[in-house]
Amino acid sequence: DKGGWSSFMAKEIAEQPDAIANTLRGRIVEGAVEIPELGSLGPDILKDIDRIVIIACGTAAYAASTAKYAIEAWARVPVDVELSHEFRYRTPVLSARTLLISVSQSGETMDTLMAVKYARDAGVKTLSVCNTQSATIPRESDGVIYTHAGPEVAVASTKAFVAQIVALYLFGLHLGTVRGTLSTEGLHDMTRQLLALPEKLAEVLEVTDTVRQLAHWMADTRSVLFLGRHVGYPIALEGALKLKEISYIHAEGFAAGELKHGPIALIEPGQPVFVVVPSPRSSAELHSKIVSNIQEIRARGARVIAIAEKGDAAVLPFADEVIPVPLAEPLIQPLLSVVPLQLFALELSTAKGLDVDQPRNLAKSVTVE
Ligand code: M6R
């Protein structure tokens, strides 16, 4: 039931504040993180791991790439993110001290399931991040963190993406606590930020009308580029994936630092480029680098649409459009800046008269290798 919405995707984007409140529910107790479903993955095991490999496909892999920054910062364990099908068909170096985390909305993606079984057979501990109760992948894993985002029907994943990052953040905070790498102050600060997230997600949804107008103007666009740095980089990749999936427009995401290494050759007058701008308060260095990237592409005629923190005056002179996101800590910002990109894909697909929920050639759950 679409509950009055024009599509399941529109409904699921709008549900994100509630979905995230559900992901967090009962898991932050007096400022600390509690995840009882970790099963046999108790503190003794978690203290001893020396590496994390996260495997996933599509949007779930971008959620993993976003969370890598936080898990490494809090738990001081190296995190590698790999596509399940690439991981499975090489000879990955694994040890009993590796923790393999799979991320899957459906819990049925065959590529990810096969990779989990492969790791398990190699004696590796496995944790699943999953949205679907009693799906196959969690059943094949040592522990599970359910995202509790509610059923996701639209082929294009939205609320599950944000919920996956939040679930991985909760795990990262737990791991940092168990390993003693995260201060109590740092933990309390992050849990406070996470608890404030549903409200900020509700606030960012207010850009819907602005994004709709933009999408209408851009209905004939043939190609859109997305740039980001640090945690904004996987968000740029996710923005591009959303657009190609449901609008059938050529879309590419790049790390902004790569521009000069090739992609800037694509910039010609009128080329639309979305830029995910990090908060100026968080890292002045990252922020000023992005501003100079914007200047570089603007000088070559790009049409710049900046997703930037509310009140970020530095981007105004150089951007054609600024879509504001609420103030948030750097690691929280990607959870907000992805929302305008989801809305843009939805609105552009709608403007083109396409089937938003059932794009051509795609299935919600890919149960063959
Ligand atoms: O169910 P899963 O999370 O394992 O699915 C993984 C991908 O197939 C999925 O995220 C796909 O990329 C989506 N259609 C993206 O919107």
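Take the Cα of Gln133, step 7 Å toward its Cβ, do the same at Arg90, and the gap between the two points is 3.9 nm. Each residue of the stretch 75-92 was assigned a 3J(HN,Hα) from its phi angle through the Karplus curve 6.51 cos²θ - 1.76 cosθ + 1.60 (θ = phi - 60°); the sequence is 9, 6, 10, x, 10, 10, 10, 9, 5, 3, 6, 6, 4, 5, 9, 10, 10, x Hz, with glycine and proline shown as x. Ranked by how many other Cβ atoms sit within 10 Å of their own Cβ, fewest first, the residues Ile305, Ile235 fall in the order Ile305, Ile235.
Each other residue within a Cβ distance under 15 Å of Arg139 adds +1 if Lys or Arg and -1 if Asp or Glu, for a net charge of -2. Across the cross-link table entries Lys11/Lys242; Lys68/Lys364; Lys11/Lys364; Lys11/Lys159; Lys2/Lys200; Lys2/Lys244, which are compared at the Cα atoms, the separations over 19 Å belong to Lys68/Lys364; Lys2/Lys200; Lys2/Lys244.
The aspartates and glutamates within cross-link reach of Lys260, meaning a Cα-to-Cα straight distance under 14 Å and a gap of 8 or more places when in the same chain, are Glu296. I want the local charge near Val116. Using Cβ-Cβ distances under 14 Å, sum +1 for each Lys or Arg and -1 for each Asp or Glu among the other residues. Neighbour charge sum, excluding Val116 itself: -2.
Sequence-distant contacts, meaning Cα pairs under 8 Å at least 6 residues apart, place the relative contact order of the chain at 20 percent. Ordering Trp217, Trp74 by the number of other Cβ atoms within 10 Å of each residue's own Cβ, fewest first, gives Trp217, Trp74. Placing a pseudo-label 7 Å from each Cα along the Cα-to-Cβ vector at Lys2 and Glu30 gives an inter-label distance of 4.8 nm. With a cut-off of 12 Å between beta carbons, the residues surrounding Gly232 carry a summed charge of 0, where Lys and Arg count +1 and Asp and Glu -1. For the stretch 158-258, applying the loop criterion from DSSP together with a ceiling of 16 other beta carbons within 10 Å to the trypsin sites (Lys or Arg not before Pro) yields Arg222. Modelled spin labels at His261 and Glu37, positioned 7 Å past Cα toward Cβ, are 3.7 nm from each other.
Potential lengthening of the chain between Ala314 and Arg120 amounts to 64.9 nm, from the contour at 0.36 nm per residue minus the alpha-carbon distance. Cβ-Cβ distance of His250 and Glu369, R₀ of 45 Å, FRET efficiency by 1/(1 + (r/R0)^6): the value works out to about 0.95. Look at His174, His287 and count the other Cβ atoms within 10 Å of each Cβ; fewest to most, that gives His287, His174.
Every number in this text was worked out from the coordinates using simple rules, so none of it is lab data. Quick caveat, the model's predicted, so the values are computed rather than measured. Backbone-built Cβ (ideal geometry, glycine too); neighbour counts: all protein chains shown.
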